[in-house]
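First up is the structure itself, then whatever we jot down about it.
The values are calculated or read from the model by the stated rules, or taken from the named source; none is laboratory data. Note that the coordinates shown come from a computational prediction; the quantities given were computed from them, not determined experimentally. Every residue, glycine as well, gets a Cβ built from its backbone with ideal geometry; the counts of neighbours run over all protein chains shown. Only protein heavy atoms, including side chains, enter the accessible area calculation; ligands, DNA and RNA are left aside. Shrake-Rupley method; radii C 1.70, N 1.55, O 1.52, S 1.80 Å.
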Amino acid sequence: MKKNLIHHTILAIESSCDDTSAAIIKDDVVLSNVVASQDVHRLYGGIVPEVASRAHQNNIIPVVDQALKDAQTTVHQLDAVAFTRGPGLIGSLIVGMTFAKSLALSQGIPLIEVNHLQAHVLSAFAQKPYPDFPFLCLTVSGGHTQIVLVQSPLDMKIIGRSIDDAAGEAFDKSGKMMGLDYPAGPLIDKLAQKGTPIFEFPQPRIQGYNYSFSGIKTAIKYFLRDQVAENPDFIQDNMADIAASIQHRIVTILLQKLRKAARHLNINQITIAGGVSANSYLRKKLKEMGEKERWTTYIPPFEYCTDNAGMIAVAARFKYLEGEFVDHSVAPLSKWTI
Ligand code: KG4
Ligand code: ZN
């Protein structure tokens, strides 16, 4: 396949979960990043895979169209098409992948597969300044919580991970117990801004750089049950303080392990990625910790935190430069580690 190393324009598609997204990158500049969120899942209190696949099918053409328009690019100018191969919901991934294959075939251009988690880590390169290598990335999403050691764009290793729930799941499940809609993470963030973390939830004792969030979920459950038994309006009366307390505990757990890893490995370039990295308290506390620890912290703009094709485009560009293309027999992967 021909490669243009000096100038290249890539279309990237992300459809691993409930957001349909398309982005255009030209050289190292993300020209457009369009995301269609599927609000329909709120009705069910979680993502319904079948509903997600159908919504991707409806969204994909308008979203790609908009991404091309925003970037003032035509399909004929594309040098490659990239898609998320996994991890994610198979039915959702198939929609993005099949679209990418068809477009690549019709234009006679290469196809690039991207690992969704690797793309989250590389979202630090969606905007300058870029981190230096090696750096540590705390990836915190609805499905994953990882500390990743990144040696070069395509050479990364997970050095710590959650042994049970992901940080985003901890936010979402705690919020559900408070009667909040799905996904509760952003709602807890908003409520917490008016509250104080006055309620104490336990700090898990887990070895190394690993995490555990199931204990805090259970602690919150029994705390709320006991308080509600005494005062049926407890949750309603203390919404902001409960949210602030939950958020404080989750964020403290996340940052303590990150600090431990950075100190042991003597790394001072730190990034965050994934949906939970949109959390305002995490961003504030990471900045404060970074100043104390003399880190250079890279906190991505909100649009590159939650699922988006911009980060897929960034990862795809690194692969393009290495000539890492896939043939059309490729199939999606529900599980795929980095
Ligand atoms: O990366 P992402 O968009 O999707 C996955 O790949 O999982 O992450 C979604 C997760 C959800 O659990 C959501 O509640 C959480 O990110 N999230 C937040 C915030 N915004 C999104 N959690 C806490 N505070 C936020 N502001
Ligand atoms: Zn994600």
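Here is the size of region 1-160 from its Cα atoms: Rg then Dmax, 16.1, 48 Å.
In the chain, the portion of solvent-accessible area held by carbon and sulfur atoms comes to 51 percent [1.4 Å probe, whole percent, DNA, RNA and ligands not counted].
Of the peptides 226-238, 199-211, the ranking by mean beta-carbon count within 10 Å, highest at the top, reads 199-211, 226-238. Kirkwood hydrodynamic radius computed over region 121-163 comes to 10.9 Å, based on all pairs of distinct alpha carbons. Protection proxy ranking, highest mean first, for peptides 66-73, 116-123: 116-123, 66-73, where packing is the per-residue count of other beta-carbon atoms within 10 Å, averaged. Taking E113, E293, E169 as the candidate residues, the one with maximal mean-square fluctuation in a Gaussian network model of the chain, Cα springs under 10 Å, is E293. A simple packing score, the average count of other Cβ atoms within 10 Å per residue, orders the peptides 10-18, 125-133 as 10-18, 125-133, with the highest score first. For D27, neighbours were defined as the other residues whose beta-carbon sits under 12 Å from its Cβ, and their charges (Lys and Arg +1, Asp and Glu -1) total 0.
Normalised Debye scattering of region 129-299 at q = 0.08, 0.15, 0.16, 0.17 Å⁻¹ gives log10 I(q)/I(0) of -0.24, -0.79, -0.89, -0.98, counting only Cα atoms as equal scatterers and leaving out solvent. If you wrap the Cα atoms of region 91-206 in a convex hull and average its projected area over all directions, you get 11.1 nm². What translational diffusion coefficient, in µm²/s and rounded to a whole number, does the Stokes-Einstein relation yield for the chain at 10 °C and a viscosity of 1.306 mPa s, taking the hydrodynamic radius as the Kirkwood radius over Cα pairs? Result for D is 77 µm²/s.
Measuring spread by the Cα atoms of region 38-104 yields a radius of gyration and Dmax of 13.5, 41 Å.
Calculated accessible area for the chain comes out at 45 Å² per residue, all protein chains present (probe 1.4 Å; ligands, DNA, RNA ignored).
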